[in-house]
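A short write-up of the structure that comes next.
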Amino acid sequence: IKSLDLWRVYIKHVRATNRSDTPDGSNAIKQAYEFTLDHLGTDINSGPLWMEYLFFLQNSNAGVLFGESAAGNEESAKLVAIRRAFQRAVTIPTHSLEALWREYDKFENGVNRQLAKQIINDLQGQYSTSRTIYRELKKKWEGIKGGALATPPGKSHGQYKQQKLWTS
């Protein structure tokens, strides 16, 4: 099911039933986010979900989240995971694209200013392409009620308008 709201409830449930201060709980939460983003991360409305995931990664204890897989290199593994998530998020046309890009720039500059300049420049083209695609998608989806029930078009102005938006 491609309902972003439903999947956000799933993540809320996983977060409520797992402790983020334990390796198993933290990994379960991380996997829930990643599974959800693999299925819905390209939705134009998925920006807040990306923000949530990035906030989770940034505020997780590196030793708890990456301790088993990166013994001795937990902080490095955390930075790589955050960078990878940001780089994926800023190449997807979502309503939150600009905010994600600003946060990513702030993150990279907080890690290493010299390296940040190179990394940001390397990703600039993909980000610009996503921004262009986002503008087109936004125009296309403007006015469409994606969550409305699918019914044969009736005679009301609202139904006729929706039919025209979907077919244009």
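The values are calculated or read from the model by the stated rules, or taken from the named source; none is laboratory data. As the structure is a prediction and not an experimental result, all values here were calculated from the model. Methodologically, a virtual Cβ is constructed for each residue, glycine included, from the backbone with ideal geometry; neighbour enumeration extends over all protein chains shown. Keep in mind that these areas ignore ligands, DNA and RNA; they rest on the heavy atoms of the full protein, side chains included. Shrake-Rupley method; radii C 1.70, N 1.55, O 1.52, S 1.80 Å.
For every residue, the table says whether it meets (1) open to solvent by less than 80 Å² (accessible area, probe 1.4 Å); (2) assigned to a helix (DSSP H, G or I); (3) closer than 21 Å to Leu37 by Cβ.
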position: Glu75; (1), (2), (3): no, yes, no
position: Ala85; (1), (2), (3): yes, yes, yes
position: Tyr104; (1), (2), (3): yes, yes, yes
position: Ile120; (1), (2), (3): yes, yes, no
position: Lys139; (1), (2), (3): no, yes, no
position: Lys145; (1), (2), (3): no, no, no
position: Thr151; (1), (2), (3): no, no, no
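Looking at Glu98, Glu108, just one residue is crowded, with 17+ Cβ neighbours inside 10 Å and over 24 Å from Leu6 (Cα atoms), and that residue is Glu108. When Arg83 is tested against (1) touching an Asp or Glu at 6+ places or on another chain (Cβ under 9 Å); (2) at pLDDT below 95, only condition (2) is not met.
Please work out which residue is farthest from the chain's Cα centre (by Cα), limiting yourself to the stretch 40-52 and to residues that are closer than 21 Å to Leu79 by Cβ and open to solvent by less than 10 Å² (accessible area, probe 1.4 Å). Here the answer is Gly41. Looking for something touching a His at 6+ places or on another chain (Cβ under 7 Å) and touching a residue at least 60 places away in the same chain (Cβ under 8 Å) - is there at least one such residue anywhere in the stretch 46-57? For the stretch 46-57, residues touching a His at 6+ places or on another chain (Cβ under 7 Å) and touching a residue at least 60 places away in the same chain (Cβ under 8 Å): absent.
Per-residue answers, yes or no, for (1) under 26 Å from Ser3 (Cα atoms); (2) over 23 Å from the mean Cα position of the chain (by Cα):
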{"site": "Ala116", "(1), (2)": "no, no"}
{"site": "Leu123", "(1), (2)": "no, no"}
{"site": "Gln126", "(1), (2)": "no, no"}
{"site": "Glu136", "(1), (2)": "yes, no"}
{"site": "Trp141", "(1), (2)": "yes, no"}
{"site": "Thr151", "(1), (2)": "yes, yes"}
{"site": "His157", "(1), (2)": "no, yes"}
{"site": "Lys161", "(1), (2)": "yes, yes"}
{"site": "Trp166", "(1), (2)": "yes, yes"}
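Among the residues making up the stretch 20-36, those that are surrounded by 14 or more Cβ atoms within 10 Å (Cβ to Cβ) and either in a loop (DSSP other than H, G, I, E, B) or touching a residue at least 24 places away in the same chain (Cβ under 8 Å) (or both) are Ser20, Pro23, Ser26, Asn27, Ile29, Lys30, Thr36.
Give the stretch 56-73 a look and list any residue that's assigned to a loop (DSSP other than H, G, I, E, B), open to solvent by 50 Å² or more (accessible area, probe 1.4 Å) and not aliphatic (A, V, I, L, M), or say none.
Asn61, Glu68, Ser69, Gly72, Asn73
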